[in-house]
1. Taking every alpha carbon pair in the range 7-46, what does the distance histogram look like in 5 angstrom bins from 0, in percent?
2. Convert each backbone phi in the range 77-94 into a coupling constant with the Karplus relation 6.51 cos²θ - 1.76 cosθ + 1.60 (shift: θ = phi - 60°), then list the ³J(HN,Hα) values in order as whole Hz, x for Gly and Pro.
3. Whose amide H sits under 5 Å from the amide H of residue 111, counting only residues 5 or more places off or on another chain, with H placed in the peptide plane?
4. Could you tell me what percent of the accessible area of the range 149-243 is made up of carbon and sulfur, with a 1.4 Å probe and every protein chain present?
5. Over the chain, give the accessible area per residue in Å² for a 1.4 Å probe, as an integer.
6. Would you calculate, for the chain, the mean residue ellipticity at 222 nm contributed by helices, counting each DSSP H stretch of 4 or more residues as -39,500 (n - 2.57) and dividing by all residues, to the nearest 500?
7. Local charge sum around residue 205 (other residues, Cβ-Cβ under 12 Å, Lys/Arg +1, Asp/Glu -1)?
8. Which is the longest run of the chain containing none of the GluC sites (Glu not before Pro) found in DSSP loop states (not H, G, I, E, B) with at most 12 other C-beta atoms within 10 Å?
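The values are calculated or read from the model by the stated rules, or taken from the named source; none is laboratory data. Quick caveat: nothing in here was measured; it's all calculated off a predicted structure. In this analysis, Cβ positions are derived from the backbone assuming ideal geometry, glycine residues included, and neighbour counts consider all displayed protein chains. The accessibility values were calculated without ligands, DNA or RNA, using every heavy atom of the protein model including side chains. Shrake-Rupley method; radii C 1.70, N 1.55, O 1.52, S 1.80 Å.
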Amino acid sequence: MKSPLAGTNKDILFPYIKDHLEEYLSAHWEEDECKQDVHLLKKQVEEDLRLHRACAQHSLDQSGHTDEEKAIREVVDNVLWQMASDRKSTALKQLQGHMWRAAYAAGRIKGEVYQDVVPSIRRWRRQGLKVYIYSSGSVEAQKLLFGYSVEGDVLDLFDGHFDTNIGTKVESKSYVRIAERMGCPPEEIMFLTDVTREAKAAEDAGVNVAVVVRPGNMELTEEERSHYNLITTFSQLEVNGSA
(Lines give C-alpha, C1' and ligand atoms only; values in the text may rest on other atoms or scores of the structure.)
Protein backbone atom coordinates (compact mmCIF):
# COMPACT_ATOMS: atom_id res chain seq x y z
CA MET A 1 0.00 0.00 0.00
CA LYS A 2 1.53 3.30 -1.06
CA SER A 3 0.67 6.08 1.34
CA PRO A 4 2.10 9.29 2.81
CA LEU A 5 1.54 7.56 6.19
CA ALA A 6 3.22 4.23 5.54
CA GLY A 7 6.25 4.19 3.33
CA THR A 8 8.12 0.94 2.82
CA ASN A 9 5.07 -1.33 2.89
CA LYS A 10 5.02 -1.42 -0.89
CA ASP A 11 8.44 -3.08 -0.72
CA ILE A 12 7.16 -5.62 1.82
CA LEU A 13 3.50 -6.30 1.08
CA PHE A 14 3.50 -6.72 -2.69
CA PRO A 15 6.58 -8.96 -2.86
CA TYR A 16 4.93 -11.06 -0.15
CA ILE A 17 1.92 -11.61 -2.43
CA LYS A 18 4.13 -12.63 -5.35
CA ASP A 19 6.24 -15.00 -3.26
CA HIS A 20 3.38 -16.72 -1.40
CA LEU A 21 0.39 -16.53 -3.78
CA GLU A 22 0.50 -20.10 -5.05
CA GLU A 23 1.16 -21.46 -1.57
CA TYR A 24 -1.80 -19.49 -0.16
CA LEU A 25 -4.21 -20.58 -2.89
CA SER A 26 -3.23 -24.23 -2.52
CA ALA A 27 -3.79 -24.10 1.23
CA HIS A 28 -7.16 -22.30 1.07
CA TRP A 29 -8.56 -23.36 -2.33
CA GLU A 30 -11.57 -25.25 -0.96
CA GLU A 31 -12.52 -22.57 1.59
CA ASP A 32 -15.53 -20.36 0.91
CA GLU A 33 -13.59 -17.12 1.24
CA CYS A 34 -10.99 -18.20 -1.30
CA LYS A 35 -13.72 -19.39 -3.66
CA GLN A 36 -15.37 -15.98 -3.39
CA ASP A 37 -12.05 -14.28 -4.14
CA VAL A 38 -11.54 -16.38 -7.26
CA HIS A 39 -15.14 -15.79 -8.34
CA LEU A 40 -14.61 -12.04 -8.08
CA LEU A 41 -11.42 -12.28 -10.13
CA LYS A 42 -13.32 -14.23 -12.77
CA LYS A 43 -16.05 -11.56 -12.87
CA GLN A 44 -13.32 -8.94 -13.33
CA VAL A 45 -12.00 -10.80 -16.38
CA GLU A 46 -15.51 -11.00 -17.81
CA GLU A 47 -16.01 -7.27 -17.23
CA ASP A 48 -12.68 -6.44 -18.88
CA LEU A 49 -13.60 -8.53 -21.93
CA ARG A 50 -17.04 -6.93 -22.15
CA LEU A 51 -15.56 -3.44 -22.09
CA HIS A 52 -12.69 -4.43 -24.42
CA ARG A 53 -10.14 -3.53 -21.76
CA ALA A 54 -6.74 -5.15 -21.60
CA CYS A 55 -6.88 -8.31 -19.52
CA ALA A 56 -5.03 -11.55 -18.97
CA GLN A 57 -5.17 -13.81 -22.01
CA HIS A 58 -6.96 -16.69 -20.30
CA SER A 59 -10.11 -17.14 -18.28
CA LEU A 60 -10.30 -18.25 -14.69
CA ASP A 61 -11.96 -21.56 -13.95
CA GLN A 62 -12.62 -22.93 -10.48
CA SER A 63 -15.12 -25.57 -11.59
CA GLY A 64 -14.66 -29.30 -11.31
CA HIS A 65 -13.94 -29.54 -15.02
CA THR A 66 -10.32 -28.47 -14.67
CA ASP A 67 -7.37 -29.81 -12.77
CA GLU A 68 -6.95 -27.95 -9.47
CA GLU A 69 -3.26 -27.33 -10.00
CA LYS A 70 -3.96 -25.85 -13.45
CA ALA A 71 -6.78 -23.69 -12.08
CA ILE A 72 -4.54 -22.34 -9.32
CA ARG A 73 -1.84 -21.59 -11.89
CA GLU A 74 -4.35 -19.60 -13.93
CA VAL A 75 -5.31 -17.53 -10.88
CA VAL A 76 -1.64 -16.94 -10.08
CA ASP A 77 -0.97 -15.80 -13.66
CA ASN A 78 -3.99 -13.48 -13.58
CA VAL A 79 -3.07 -11.90 -10.24
CA LEU A 80 0.58 -11.41 -11.22
CA TRP A 81 -0.53 -9.86 -14.51
CA GLN A 82 -2.82 -7.43 -12.69
CA MET A 83 -0.04 -6.48 -10.28
CA ALA A 84 2.47 -5.99 -13.11
CA SER A 85 -0.11 -3.80 -14.86
CA ASP A 86 -0.65 -1.79 -11.65
CA ARG A 87 -4.32 -2.67 -11.69
CA LYS A 88 -6.27 -1.62 -8.59
CA SER A 89 -9.35 -3.76 -9.11
CA THR A 90 -11.54 -4.58 -6.14
CA ALA A 91 -11.07 -8.28 -6.93
CA LEU A 92 -7.29 -8.01 -6.68
CA LYS A 93 -7.39 -5.88 -3.54
CA GLN A 94 -9.75 -8.31 -1.82
CA LEU A 95 -7.49 -11.32 -2.38
CA GLN A 96 -4.42 -9.35 -1.35
CA GLY A 97 -6.19 -8.20 1.80
CA HIS A 98 -7.04 -11.76 2.78
CA MET A 99 -3.45 -12.88 2.22
CA TRP A 100 -2.07 -10.02 4.27
CA ARG A 101 -4.54 -10.72 7.07
CA ALA A 102 -3.19 -14.26 7.41
CA ALA A 103 0.41 -13.01 7.27
CA TYR A 104 -0.13 -10.26 9.87
CA ALA A 105 -1.93 -12.64 12.22
CA ALA A 106 0.94 -15.14 11.92
CA GLY A 107 3.51 -12.41 12.61
CA ARG A 108 5.14 -12.89 9.20
CA ILE A 109 4.85 -9.18 8.34
CA LYS A 110 4.29 -5.88 10.17
CA GLY A 111 3.00 -2.54 8.89
CA GLU A 112 5.69 0.10 8.44
CA VAL A 113 4.65 3.62 9.48
CA TYR A 114 6.74 6.78 9.09
CA GLN A 115 8.06 7.97 12.46
CA ASP A 116 6.39 11.37 12.23
CA VAL A 117 2.90 9.97 11.61
CA VAL A 118 1.73 8.67 14.99
CA PRO A 119 2.82 11.67 17.13
CA SER A 120 1.41 14.12 14.57
CA ILE A 121 -1.97 12.42 14.39
CA ARG A 122 -2.16 12.19 18.18
CA ARG A 123 -1.50 15.95 18.30
CA TRP A 124 -4.24 16.65 15.72
CA ARG A 125 -6.69 14.55 17.68
CA ARG A 126 -5.89 16.45 20.89
CA GLN A 127 -6.80 19.58 18.93
CA GLY A 128 -10.23 18.07 18.23
CA LEU A 129 -9.62 16.99 14.64
CA LYS A 130 -10.94 13.80 13.10
CA VAL A 131 -8.63 11.67 10.96
CA TYR A 132 -9.68 9.35 8.15
CA ILE A 133 -7.76 7.16 5.71
CA TYR A 134 -8.56 7.04 2.00
CA SER A 135 -6.46 4.47 0.15
CA SER A 136 -6.49 2.36 -2.99
CA GLY A 137 -5.82 -0.51 -0.59
CA SER A 138 -8.98 -2.09 0.79
CA VAL A 139 -10.39 -1.02 4.14
CA GLU A 140 -9.46 -4.44 5.48
CA ALA A 141 -5.86 -4.02 4.29
CA GLN A 142 -5.71 -0.58 5.92
CA LYS A 143 -6.93 -1.95 9.25
CA LEU A 144 -4.42 -4.78 9.11
CA LEU A 145 -1.50 -2.47 8.37
CA PHE A 146 -2.30 -0.12 11.25
CA GLY A 147 -3.57 -2.86 13.56
CA TYR A 148 -0.33 -4.83 13.22
CA SER A 149 2.10 -1.93 12.74
CA VAL A 150 5.64 -1.56 14.03
CA GLU A 151 4.10 0.97 16.44
CA GLY A 152 1.61 -1.62 17.67
CA ASP A 153 -2.16 -1.35 17.20
CA VAL A 154 -2.79 2.29 16.27
CA LEU A 155 -6.28 1.93 14.80
CA ASP A 156 -7.58 4.19 17.55
CA LEU A 157 -5.97 7.09 15.67
CA PHE A 158 -8.55 6.92 12.89
CA ASP A 159 -12.22 7.84 12.80
CA GLY A 160 -12.96 5.97 9.57
CA HIS A 161 -11.63 4.34 6.43
CA PHE A 162 -12.39 4.71 2.72
CA ASP A 163 -11.21 2.66 -0.26
CA THR A 164 -12.02 2.45 -3.97
CA ASN A 165 -15.54 1.22 -3.23
CA ILE A 166 -16.36 4.92 -2.86
CA GLY A 167 -14.59 5.70 -6.16
CA THR A 168 -11.05 5.92 -7.49
CA LYS A 169 -8.62 8.42 -6.01
CA VAL A 170 -8.20 10.29 -9.31
CA GLU A 171 -11.92 11.12 -9.63
CA SER A 172 -13.18 14.31 -8.00
CA LYS A 173 -16.58 12.71 -7.31
CA SER A 174 -14.89 10.35 -4.85
CA TYR A 175 -13.94 13.27 -2.62
CA VAL A 176 -17.44 14.72 -2.81
CA ARG A 177 -18.82 11.37 -1.64
CA ILE A 178 -16.29 11.19 1.18
CA ALA A 179 -17.24 14.68 2.37
CA GLU A 180 -20.89 13.61 2.38
CA ARG A 181 -20.05 10.48 4.39
CA MET A 182 -18.03 12.53 6.86
CA GLY A 183 -20.86 15.03 7.15
CA CYS A 184 -18.83 18.15 6.47
CA PRO A 185 -18.24 20.46 3.49
CA PRO A 186 -15.19 19.72 1.28
CA GLU A 187 -13.53 23.01 2.21
CA GLU A 188 -13.23 21.79 5.82
CA ILE A 189 -11.20 18.74 4.77
CA MET A 190 -7.42 18.57 4.37
CA PHE A 191 -6.29 15.71 2.09
CA LEU A 192 -2.69 14.49 2.27
CA THR A 193 -1.29 12.60 -0.71
CA ASP A 194 1.98 11.91 -2.51
CA VAL A 195 0.29 11.62 -5.93
CA THR A 196 -0.47 14.86 -7.78
CA ARG A 197 -3.27 13.29 -9.89
CA GLU A 198 -5.06 12.55 -6.62
CA ALA A 199 -4.27 16.05 -5.38
CA LYS A 200 -5.87 17.58 -8.49
CA ALA A 201 -9.01 15.44 -8.15
CA ALA A 202 -9.40 16.44 -4.49
CA GLU A 203 -8.76 20.08 -5.31
CA ASP A 204 -11.39 19.99 -8.07
CA ALA A 205 -13.88 18.78 -5.45
CA GLY A 206 -13.11 21.79 -3.23
CA VAL A 207 -10.92 19.89 -0.75
CA ASN A 208 -7.75 21.44 0.71
CA VAL A 209 -4.61 19.57 -0.33
CA ALA A 210 -1.04 19.11 0.84
CA VAL A 211 1.39 16.99 -1.18
CA VAL A 212 3.68 14.91 1.02
CA VAL A 213 7.17 14.52 -0.43
CA ARG A 214 8.67 11.26 0.82
CA PRO A 215 11.89 9.46 -0.20
CA GLY A 216 11.42 7.39 -3.35
CA ASN A 217 8.35 9.29 -4.57
CA MET A 218 7.94 10.34 -8.16
CA GLU A 219 9.69 13.63 -8.93
CA LEU A 220 7.41 16.66 -9.08
CA THR A 221 7.48 19.12 -11.96
CA GLU A 222 8.34 22.76 -11.31
CA GLU A 223 4.70 23.63 -11.99
CA GLU A 224 3.53 21.10 -9.38
CA ARG A 225 6.07 22.36 -6.85
CA SER A 226 4.87 25.93 -7.25
CA HIS A 227 1.17 25.03 -7.27
CA TYR A 228 0.83 22.68 -4.29
CA ASN A 229 1.50 23.10 -0.60
CA LEU A 230 4.45 20.72 -0.07
CA ILE A 231 5.47 19.08 3.21
CA THR A 232 8.14 16.48 3.92
CA THR A 233 6.82 15.45 7.33
CA PHE A 234 3.43 15.48 9.04
CA SER A 235 4.92 17.60 11.83
CA GLN A 236 5.12 20.52 9.37
CA LEU A 237 1.36 20.59 8.93
CA GLU A 238 -0.57 22.90 11.20
CA VAL A 239 -4.34 22.41 11.05
CA ASN A 240 -6.93 24.18 13.14
CA GLY A 241 -10.56 23.68 14.06
CA SER A 242 -12.45 20.44 13.62
CA ALA A 243 -13.00 18.36 10.48
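1. 5, 22, 18, 22, 20, 10, 3
2. Per-residue couplings from phi come out as 4, 5, 5, 5, 5, 4, 5, 5, 8, 6, 5, 10, 5, 4, 4, 5, 5, 5 Hz.
3. Amide H to amide H, under 5 Å and 5 or more residues apart or across chains, residue 111 pairs with 148, 149, 150.
4. Working: 2410 of 5240 Å².
The C+S portion of the solvent-accessible surface of the range 149-243 is 46 percent.
5. Details: 12740 Å² over 243 residues.
Per residue, the chain has an accessible area of 52 Å².
6. Working: 9 runs with 117 residues, N = 243.
Theoretical 222 nm ellipticity from helices: -15500 deg cm²/dmol.
7. Values: positive: 169, 173, 177, 200; negative: 171, 180, 187, 198, 203, 204.
Result for the local shell: -2.
8. Values: sites that count: 30, 31, 219, 238.
Within the chain, the longest run free of exposed GluC sites (Glu not before Pro) spans 32-218.
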